[in-house]
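These notes concern the structure reproduced below.
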Amino acid sequence: MRVAGKGLIEREKPVSFTFDGRTYAGFKGDTVASALLAARVRVVGRSFKYHRPRGVLTAGSEEPNALIEVVGAKNQTPNVRATVQEVFEGLVTRSQNRMGSLRWDLLAVNDLMAPFFSAGFYYKTFMWPRAFWEKVYEPAIRRAAGLGSLSGRHDEGHYEKAFAFCDLLVIGAGPTGLIAALTAARAGADVILADEDSRMGGRLLSNGETVDGQPGPDWVAAVLAELSSLPNVRLMPRTTVSGAYDGGIYGALERVGLHKPARPDLPREAFWRITARRAILASGALERPIAFPMNDRPGIMMAGAVQSYLNRYGVASGKRVTLFANNDGARAVARDLMAAGVQVAAILDSRANASAVENCPVYLGARITDTSGRHGLRLIEGHHAGGAFKLETDCLAMSGGWNPTLHLTCHMGGRPRWSEELAAFVPMEGAVPGLVAAGAANGTFTTHGCLAAGHAVAEAALADLGLSPAKVALPRAEGLPYVVEPLWAVEGKGRAWLDFANDVTTKDVKLAAQEGYASVEHMKRYTTQGMAPDQGKNSNMGALAVLADATGRAIPETGITTFRPPYVPVSVAALGAGGRGMGFAPQRFLTSDQASRDRGAPMIEAGLWYRPSYFPKPGEATWRVSCDREVAMVRGAVGVADVSTLGKIDIQGRDAARFLDLVYTNTFSTLPVGRVRYGLMLREDGFVMDDGTTARLGENHFLMTTTTAAAGQVMRHLDFVHQTHCADWDVRFISVTEAWAQFAVAGPKSRALLNAVLDQPVQDFPFMACGAVQLGGVTARLFRISFSGEQGYEIAVPTRYGESLFRDLVAKAETMGGGPYGMEALNVLRVEKGFITHAEIHGRTTAFDIGMEKMVSPKKDCIGKAMAARPALVGPERQQLVGLKIATGTPPCSGAHLFTVGDKVGREESQGYITSFAHSDLMGACLGLGFLKNGRARHGEIIRIVDHLRGLDLTAEVCDPVFHDKDGEKLRA
Amino acid sequence: MPELIAKPALEKAPLTLGTCRLEAVDLGPITSVALFPGQEKAMAKALKPLGLSFPDPNSLSAKAGVQLVWTGREQAFLIGVTAPDFGAAAAVTDQSGGWAALRLSGDKAAEVLMRHVPLDLRAAAFPPGRAVRAPLGHMSSVVIREEAGFLILIFRSMARTAWHEIEVAMRTLAARA
Amino acid sequence: MRIPCPLCGPRDRREFTYYGSDDYLNRPAPDAGAGPWDDHLHLRANPAGETHDLWYHEAGCAQWLRVHRNTVSHEIYGAALVAGLKGGAQ
Ligand SMILES: [Zn+2]
C-alpha cells in the first residue's frame, strides 16, 4: 500500500493499466511491480518448474520472479520484468507460465511432485524408450515448460540502431557515475552517461541518505540539471550497457518506446554501438538472497528492494515487515520503514555479534528454518541466540550482502577476484582495456566511498584523455563501513531456493556435486542454475558457495561461471534493427527499371539488382511462352536487353596493358586500340575467378567488364594485385558500373536497329570492335560483342540517358519485329551458345575444365598460372564442361548428378553434375551444361541423370557445349 | 535522330521533418581524378586555374562552388565543373551519372546520419572541410560535411534505398521528440 | 573491433574484408615449383599472440592493409598500407 508523503512518483499524474484483465491504478513513475505491490497484489507469476506462486523479489532488471507479458496491438512481449516496465495509460499486461488462473495454476501439481523433479530429472527420466523422446516426452515438456509465450506472429514493432562516440562512457548514474560524469563534463570531456533506470540516481533514489546535507534525490536532481545543460554531455536513461567489446566498443539497449503507448515511427527499443575512448563502470551492486528453507513465498523480498519501494515509490511492501540480514547496511531498511510508520516485526541478524540499537526487537544469531502462507508469506519460524521463534509477518526483507555488478569486466575474458573482506567477487583490473570499475561495482559500498571513487577515476580518465581536470568539490555523504558475515544457506527440512527463476534449490546443487558435477560450469548445466532470464544475477554466488561447501573447497578455488554479453536480455529485433524489409539489403535499380515494369515485366533479383525476367505479351499464359518468343525474336529479328549490371572498370596508365596481362590468363598488351578481347581471370590457386570482355579504348586506356555476380570480388582482387605486387606501376582504375547504362542489341537486325538511333550509321565495325559513336549529340560507346550467339552489339551511354535510350531502342525494335528480352531468354540464348556464367565458373572449375586451357598464355606470367598447372588440375580425371541434349519437355534439372548408364547410383559413382538448363525450341531439345568426368572424350555417349531432389531419372546425350552456330558465322555476320 | 532525355538520379521532392531536411541535388559534372605516381607537381599546376589543391585524405579543397573531394588514395572527385586537361598527371574518368547526391541538413542531421554511418559525424569531430569514404548501412558512400549538414554521394542505382534509409532515420528520430 | 586505417583513421570492423596472413604478400617466382607455391597459398602458422594479416578497407579507401594484432589479447598494434610496404612486390 502507498505511504503518504513518500516516494518520487508523480502523484498528480495517475495512470491506469491492466494485469490479468483487472484494472489497476498507479502513478507516473511507477513500475508494474510497484503499482501491483501498492495494490497488495502478491502473486505475480508462477515458477518455471514447480509452478509455485511467486511475488516481486527485487526492484531492478535482475528480477527473477515478476516476469510478465506485455500485450500491445502489434506485439506480445514475454518475460518482461515487472520491476522495469513502467506503467502508462492503457498498458496491458498478464502473468505467464500458468495453466488456468494465476492463483489456481493447474500445473501447480508439479510442486507436489517436487521430490521427483530434482536436478537431472529430465536427463534421467526421459532417456527410455528412446523413440518416446520426440513424440511424447518433448512435446509434453515443451507445453509445460518455458516462461512466457510468443504470439507466433511477426514482430511488427519498429526498432532502431545507432552509433555513438564519446571520450568517456559512464555506465550507471548512481553516486559514482554522477560524480564521475560531472567531473569529466566540467573538464570539457565528451561524456555519455548511460543508466538502465528510467530515472537516474541509482541507490540515492532509494537509500534515504543525504549528500551534502540534501536528500539524495535533490542532490541527484541538481547534478543532472547541470549535466543536461552542458553541450558535451549526452544523458541516456533507460539504457542498459549490455556488452563490452574490442576497441572500446560497447553495446547498449535503450528502451525508447516501451514506457509509452505505441506510436507510428516511435521505436520500441534502440540498440546503440558506442565507441568510447575511456569508460567507467559504475553499475553498482546487486543484493543477494539467502537460501533458507521455503524462501520463495510472495512477500519474501530483497531488503534493498523493500527500501526502494518505500522511498522511491512510496509503497510499503507489507503491513508487518521482518528483516533478515547478515550485514549492517540492511538495518537502514528497518529504520526507514519504522520512520514511515510501517510496523517492523523484528530484525533477525544472522551474526552473533552485531548491534541491537533499533527501536524494534533485534535477534542475533538468527536463522529462518521454515515459512508458511500459500499465496503469500504469513509466518516464519526459526531460531536465534535466545531460542526458537515464530513470527507473524507478511513481508520478509532479506539481505545476504551485496555483489558488485562487475559483469562487463568479464566480457573480454577477465576473471573476477575474490574479496574475503566483502565475501564477494570484485572486478579484475584492466580486464577490458580502457574500462575502470568504480564505486559499488568495484566493492566500495558507502556513498562517501562511491563519490570519492567516481571522482578519482574520472580524474584519471581525464589525464589519459589529455584533459586537465576542473574543480569538483567532493560532497559530504555517509561513510559507515560495510560489515558482512557470509550466510549463504540455512539448513532445514524444506527446499531452499537459490535460483528462483529456474527453480534450483540447494539440494539440487548438492546432488550435482554428489553425482560428480563438481565443476561450477558442470553444476550450472546440470541444475540449470543461472540459465534463466536473470542469468544467475540472484543465484550465482549462493549456488557457488553451496557447491564449494558440498565439495569441501573454498569459494575462490571453486571458481565462477563466465559472464558473457548481453548483461540483460536483448531482443533480436533490436539487434537486427533496420535489417528488415527494404533495410535488409540495398536495392539496385537499372535505368530501364520503370520502362520494364511499365511493360509488365516481373522483376527478379540478381544479386542486389532487379532485372526483368521476361516481358509478357497479351495472351501469353506462362513465362515459357514469353521466353520462347523472346528467344525466337532475337534469333530472327532483334532484341534489346539491359546489361548495365555487368561490372565495368575503367583502367588507365602507361602500365595498364601490363597490368591486364598480369591479371588475365591471356594477353592484352597486343590488343589493338578499338578492339575487344575476351579475358579469363584466375585466382592465385589456379581456379577461375571471373571472365568478361575488355576493350582497348586508347593506347593507355582500357574498359574491363566483369560478370554481375563477381563485380565486387574482381575489384577487390584488382586492388589486391595492384597494391601488393605492382603498387609503383603507372596504372589507375575505378569502377564505372554506375556511370554507364549499357544495352545489348542482338539479332540479325541489330545493325539496322542501331542505325535507326545513331547519328551516323555503323560502318566497318567487325566482330570484337569498339569505338565512340554519337547518339542525339551524346557520345556513346559501341562494342561488337555478343552473349547470344547472334550478331550483336552493346551500346553504352552515360547513365542519365539510359532510360531514354532503352525506351527508344525498344520502340524502334518493335517496328522491326523485335523488342525487349529478359533474363529467361538471355539464359536460353547463352546456353544454346554454350556461354558460361557463374553457374559454371563456380569456384571449383579450372581453365582446363571449361576447355579454355589454351587461353593461359605460355609467354607470360599471370595470377593463378603456376597453380593451374598442377597435375591434378588437368587431365582425364577432371570433370569437364559438356553439353547435354535431353528429351523435350524435361523439367529443369540443374544440380542433378550424372551417372554412367548401368552404374550404381551412389556418391562415389557420380560422374558429374548439371550446372545450367534451358528449354530450346531452336535445338528441339532441352539443353544442359554440366561437368562430366573426362567429358570431352565422351561426346556422343548416353548418360544417366538422377535428381533425388526433384525425383528425376533421365538420360541425355553428351555433346559439345556449343549447340548453336559452332563456327560463329552469325556472330561475325 | 532521337533526342536522348537526361534523367536525374533520383526524382524526389524534398522532405522536411522538424528541423531536418533531405533533398536530392544535382551537382553537375563529377570527375574522378586519379593521380599517377610522381605527378604531384603537374597536378598542382593543372589545379591552379581552379584555385584548388589536391586534397589530403578525409578532406576537400573548394573554391567558388567547385570542390575537389578526396575519395581514396591519390584519388579525388572534381565536382561542379568540367574537368580541365590534366595531361599525363592523372587518370580522368567521368563519374557524373554514376552518383546520386543527397543533402541532409538541420541541427539533427548528424544524429540522423549516425543511425547508418558508423562514424562520429558531429561537428566537433567532423567539421566543414572534411569528407570521408564510409558505409551508409550496406552502401558505399562519400560523406561531405557542409556548414548546414551533409552532402552524401551514393551509387545511382542505390539512391532509392539510401533515401528510404535516411527518411526512416529522420522519422524515427522525429518520433522521439 | 576497430582497425586504424592509415588513410581513413580508426574504423569499425564492419568496413573491412578479411583475407588472411601477410604471407600472401610474398608471391613465389612463377617457376618456384609446387612446394613453395603450396606453402604460399595454404601453409599457415596459427599463432596464439602476435600476427600480421591482410584486411581490405572495402567500405572506405579500398586499400589493402597489413594489420599487426594479437589474437590472444585482441590488441591491435597498428596497420600499414600494403601499397607502401617495401618489398611487397616480389
Ligand atoms: Zn581506409
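Mind grabbing the base-10 log of I(q)/I(0) for the stretch A:504-556 at q = 0.14, 0.18, 0.19, 0.22 Å⁻¹? Debye formula, identical points on the C-alpha positions, no solvent, two decimal places. Calculated log10 I(q)/I(0) at the listed q: -0.28, -0.46, -0.51, -0.69.
Loop-resident trypsin sites (Lys or Arg not before Pro) (DSSP state other than H, G, I, E or B) in the stretch A:793-868 with no more than 16 further Cβ atoms inside 10 Å of their Cβ: A:ARG844, A:LYS859, A:LYS860.
Dividing the alpha-carbon radius of gyration of the stretch A:251-319 by the rule-of-thumb value 2.2 N^0.38 Å gives 1.66.
Once the Cα atoms are used to define both axes, helix A:623-636 deviates from the longest principal axis of chain A by about 30 degrees. Normalised by 2.2 N^0.38 Å, where N counts its residues, the alpha-carbon radius of gyration of the stretch B:30-94 equals 0.95. Give me the distance between the Cα centres of the stretch A:418-488 and the stretch C:27-59, rounded to whole Å. So the separation of the two Cα centres works out to 47 Å. In this simple spin-label model, placing a label point 7 Å from the Cα along the Cα-to-Cβ direction at both C:ASP38 and B:LYS45 gives a separation of 5.6 nm.
Counting helices only, and only those DSSP H runs with n ≥ 4, report the 222 nm mean residue ellipticity of the protein assembly as shown as the sum of -39,500 (n - 2.57) divided by its residues, in deg cm²/dmol to the nearest 500.
-5500 deg cm²/dmol
Remark: for residue pairs A:LYS161/A:LYS537; A:LYS319/A:LYS493; A:LYS833/A:LYS859; A:LYS49/A:LYS74; A:LYS49/A:LYS493; A:LYS49/A:LYS260, the C-alpha separation exceeds 24 Å in A:LYS161/A:LYS537; A:LYS319/A:LYS493; A:LYS833/A:LYS859; A:LYS49/A:LYS74; A:LYS49/A:LYS260.
In this Cβ point-charge picture (+1 for Lys and Arg, -1 for Asp and Glu), the stretch A:875-973 has a dipole of about 140 debye about its Cα centre. For the stretch A:875-973, taking Cα atoms only, Rg and Dmax work out to 13.5, 48 Å respectively.
Take the Kirkwood radius over Cα pairs of chain B, plug it into Stokes-Einstein at 10 °C and 1.306 mPa s, and you get 94 µm²/s for translational diffusion.
Compute log10 of I(q)/I(0) for the protein assembly as shown with the Debye formula, placing one identical point scatterer on every Cα and leaving out solvent, at q = 0.04 Å⁻¹, to two decimals. Listed by q, the Debye log ratios stand at -0.30. Of all aspartates and glutamates in the structure, the ones whose alpha carbon falls short of 17 Å from that of A:LYS28, not counting any fewer than 8 places away in one chain, are A:GLU10, A:GLU12, A:GLU86, A:GLU89, A:ASP197. Relative to one another, the C-alpha centroids of the stretch A:338-396 and the stretch B:22-84 are positioned 80 Å apart. Of all lysines in the structure, the ones whose alpha carbon falls short of 25 Å from that of A:LYS617, not counting any fewer than 8 places away in one chain, are A:LYS749, A:LYS812. Under the convention that each Lys and Arg Cβ holds +1 and each Asp and Glu Cβ holds -1, the size of the dipole of the protein assembly as shown around its Cα centre is about 1800 debye.
For the stretch A:10-121, the calculated P(r) over all alpha carbon pairs, in 5 Å bins from 0 to the bin holding the longest distance, is 2, 12, 22, 23, 18, 11, 6, 4, 2, 1, 0 percent. The equivalent ellipsoid that matches the C-alpha gyration tensor of the stretch A:647-738 spans semi-axes of 17, 15, 13 angstrom, in descending order. Taking the square roots of five times each eigenvalue of the Cα gyration tensor of the stretch A:478-517, the equivalent ellipsoid has semi-axes of 29, 12, 11 Å, listed largest first. Dividing the Cα radius of gyration of the stretch A:291-399 by its Kirkwood radius returns 0.93 for Rg/Rh. Partner lysines whose Cα lies under 20 Å from the Cα of B:LYS48, excluding those fewer than 8 positions away in the same chain, are identified as B:LYS63.
Rule-based calculations on the coordinates, nothing more; no lab input. Just so you know, these numbers come straight off a predicted model, no measurement behind them. Note that each Cβ is placed from the backbone with ideal geometry, even for glycine, and that neighbours are counted across all protein chains shown.
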